[in-house]
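Notes follow the structure.
Coordinate-derived values only; no laboratory data. Because the structure is a prediction, the values reported are computed rather than measured. No Cβ is skipped: glycine too gets one built from the backbone with ideal geometry, and neighbour counts run over all protein chains shown.
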Amino acid sequence: MNAVETNSVKEEYTVRERAKDIKSLTLGELKEEMEALGEKSFRAKQMYEWMHKKLVTDYGCMTNIPALLAGRCEERYDLTALKTVRMQESAIDGTRKYLFELPDGNLIESVLMRYHHGNCVCISSQVGCRMGCRFCASTLDGLERDLLPSEMLEQVYSIVRDTGERVSNVVVMGSGEPLDNYDSLLRFIELLTDENGLHISQRNVTVSTCGIVPVMHALADEKLQITLAISLHAATDEKRRRLMPIANRYSLDELIQACKYYFEQTGRRITFEYSLVKEINDTEEDAQRLAALIGRLNCHVNLIPVNPIRERDYVQSEKYAVEAFKNKLESKGINVTVRREMGRDIDGACGQLRRRYMSSAERGLS
């Protein structure tokens, strides 16, 4: 689809009144819909399992649903499905990166990572992002819109359908800031972990945030058993403000207090994501300050050699600097891992594939 066609689809999608999004409904809500149509409530569970267990994308595939009911549902409810525009598979580690087209023509990315302990899917929560983190490609063009719960789910479902493989872990770490799309995030988690669907354990779901402090408090009050990952990337307010505009709104002290509250409410250990950028935040002094900042928290640090993007001049830290940083934190009793680099040969960083595809489409090269 070229740029003109994409814009046409977006305009058509915007002007027409959207039907209710059936795949974003809970089983209880779906029962209410069926009863409103004069149907028995058991039809709701049948349809729910077709959508969330058998992962169908067409009412006609629901073979135990009467044709009349299927037709009425098709008229009344959108059954969200994504179109795979491109899939790239790493020759290095088998990581797959997907570029999906949404019903309105917008594009999002998802990643399948294969580990010994099982498959993990990284999904996007928004089309683009407005957080402005300096080392992230997904924020370069700003925020287009939030994703619906169904559009978040469909990234997982599409990859399961494509590979035929089970997914055991889901991380909301792709394009977008999940806590900036809070209601959809909560509904997504509810549906993903529902025993009537894929039934992925909450403990196998990780949500990453740049640190929207008030929403972190609200999430803590939900008392979910998900893992909260904080994109930290610096141990001083001054340096963090250079890397992440959100730091102009919330100080490190406020962020750390929110992390403490999250642990108090949920008992779940916090993960800190720390992207190492050469000569920016990877010195021994940086490691010392980070240890002092988080040393008393029940936490884990995930060090990430930054994945360079063409639009920024940030350079990945040298291997010796990464190891020295890790050793310094461990010497202070902090649990640390260095994230295994995956998908470097397939535009692995958030937003890279989408941005490259859109640029080539605008030039008529796709």
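Would you calculate a helix-derived [θ] at 222 nm for the chain, using -39,500 (n - 2.57) for each DSSP H run of n ≥ 4 and dividing by the full residue count, to the nearest 500? Kindly include the intermediate steps, with their values, before the conclusion.
Working: 12 runs with 138 residues, N = 366.
Calculated from helices alone, the mean residue ellipticity at 222 nm is -11500 deg cm²/dmol.
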*asked:* Please compute the modelled spin-label separation between VAL315 and THR163, points set 7 Å along Cα→Cβ, answer in nm with one decimal.
replied: 3.5 nm
*At a Cα cut-off below 26 Å, give the lysines reachable from LYS54, other chains included and same-chain residues fewer than 8 away excluded.*
LYS20, LYS23, LYS31, LYS40, LYS45, LYS83, LYS97
*For helix 27-36, report the angle its Cα long axis makes with the longest principal axis of the Cα atoms of the chain; keep it between 0 and 90° and round to the nearest 10°.*
20 degrees
*asked:* Output wanted: per-residue J couplings in Hz (rounded whole) for segment 105-113, from phi through Karplus 6.51 cos²θ - 1.76 cosθ + 1.60, θ = phi - 60°, x for Gly and Pro.
replied: x, 5, 10, 9, 10, 9, 9, 9, 10
*asked:* Under the rule a/c < 1.5 gives rounded, and otherwise a/b versus b/c splits prolate from oblate, where does segment 139-205 land using the Cα gyration tensor?
replied: prolate
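Report the gain in length on full extension from TYR261 to ASN196: 0.36 nm times residue separation, minus Cα-Cα distance, nm rounded to one decimal.
Stretched fully, the TYR261-ASN196 segment lengthens by 20.2 nm.
Per 0.36 nm of contour for each residue apart, how much would the distance between ASN248 and ILE92 grow if the chain were fully extended, relative to their Cα-Cα spacing?
Values: separation 156, 0.36 × 156 = 56.16 nm, distance 3.89 nm.
Length difference between fully extended and current span is 52.3 nm.
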*What is the fewest-to-most order of TYR261, TYR320 by other Cβ atoms lying within 10 Å of their Cβ?*
TYR320, TYR261
*Fewest Cβ neighbours within 10 Å first, please rank SER201, SER138 accordingly.*
SER201, SER138
*What is the Cα coordinate range of the chain on the first, second and third principal axes, sorted by size from largest, in whole angstrom?*
69, 50, 39
*By how many nm would the segment from LEU186 to ASP21 grow when fully extended, if each residue of separation counts as 0.36 nm and the alpha-carbon distance is taken off?*
57.8 nm
